[in-house]
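The values are calculated or read from the model by the stated rules, or taken from the named source; none is laboratory data. Keep in mind that what you see is a predicted model, and the values were worked out from it rather than measured. Positions of Cβ are generated from backbone atoms using ideal geometry, with glycine treated the same way; all protein chains shown enter the neighbour counts. The accessibility values were calculated without ligands, DNA or RNA, using every heavy atom of the protein model including side chains. Shrake-Rupley method; radii C 1.70, N 1.55, O 1.52, S 1.80 Å.
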Amino acid sequence: MKSRTEIEQYYLSGKRFFRNIDFDFGECFENSNFENAIFEYCYFGVEFNNSNFKNAKFIECNMKSTNFTNCDFSNAEIRESLMEAIDFKGSKIPNLIFENNTSYGEKVKLNSETLEIEYNIHQLNSELYEYIPEFEKIADHSSDEHLYSVFGDLSIVLANEIIKNENLTDLITNSFRFINYLSDKNDKEIDNLLVVGIYEGLYHSEKCNKIAKKLLNEKAKKAYEFNLENGIMNKASR
């Protein structure tokens with residue numbers, strides 16, 4: 001099938017299964033009807049705005065750079081498909097199943113209110129962004145599902161913020177407020193996350209160490225100083 005006409009005739013003949021079909025051959029598919037269709041390993045990348053996909057299934061498809069605006073995805077399923085640069089604005093999605101789809105290698109979800117593709121986010125990373133909105137605005141967000149990546153990025157940004165500013169900024173104070181909050185959870189895994197994810201990125205700077213000792217609460221400060229001393233001693237013994 002190499003044209004919209006061929007594809008439409010295939011569908012009108014009662015056939016609903018599309019496998020390994022590349023829809024990107026220079027034609028627009030707006031106002032199409034694919035109700036109850038099943039797409040497996042298909043490539044889209046074209047205009048499908050104002051189309052009907054009720055009860056349709058998309059399995060392991062490449063849906064990148066596709067316009068699905070104002071479409072009807074009622075009771076449809078989209079699974080294990082690629083989602084970069086895709087547009088669902090204005091579409092109907094009641095009972096849409098959206099599972100195990102990815103964008104740039106990361107799992108994503110479809111926001112039911114904004115109809116925008118969003119990266120899955122770990123609960124602690126969500127809390128981090130709430131505590132530190134200054135960092136949330138500049139964060140990459142492509143690794144929001146992974147704790148150590150986000151905490152490591154914060155460590156770099158925080159160290160730079162401390163070094164380049166004479167006075168405490170909101171990002172600095174909110175970062176340490178969040179660290180103190182996590183430290184008070186008394187969770188060994190979180191304590192290790194703080195050491196590896198954040199503290200180790202601050203140890204190289206005397207100014208960072210000074211600010212950390214000033215703003216950390218007693219429990220967090222004790223852990224910070226213990227690991228700082230052990231880190232220096234371990235390096236000296238090598």
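Assorted remarks:
- Crossing angle, helix 188-197 versus the chain [Cα axis fit, 0-90 degrees, rounded to tens]: 90
- Counting only protein heavy atoms and a 1.4 Å probe, the chain has 54 square angstrom of accessible area per residue.
- Antiparallel DSSP beta bridges within the chain, percent to nearest 5: 20
- Inter-label distance, S3 to K92: 3.2 nm, where each label sits 7 Å from its Cα along the C-beta direction.
- Förster radius 35 Å - calculated FRET efficiency between S205 and E113, Cβ distance, rounded to 0.05: 0.25
- Rounded to the nearest 20, the size of the Cβ-charge dipole of segment 1-103 about its Cα centre is 240 debye, with Lys and Arg at +1 and Asp and Glu at -1.
- Carbon + sulfur, % of accessible area of segment 144-238 - ligands and nucleic acids excluded, 1.4 Å: 50
- Dipole magnitude for segment 99-227: computed about the Cα centre from +1 point charges on Lys and Arg Cβ and -1 point charges on Asp and Glu Cβ, it is near 720 debye.
- From most to least packed by mean Cβ count within 10 Å, the peptides 34-42, 204-212, 11-19 give 34-42, 204-212, 11-19.
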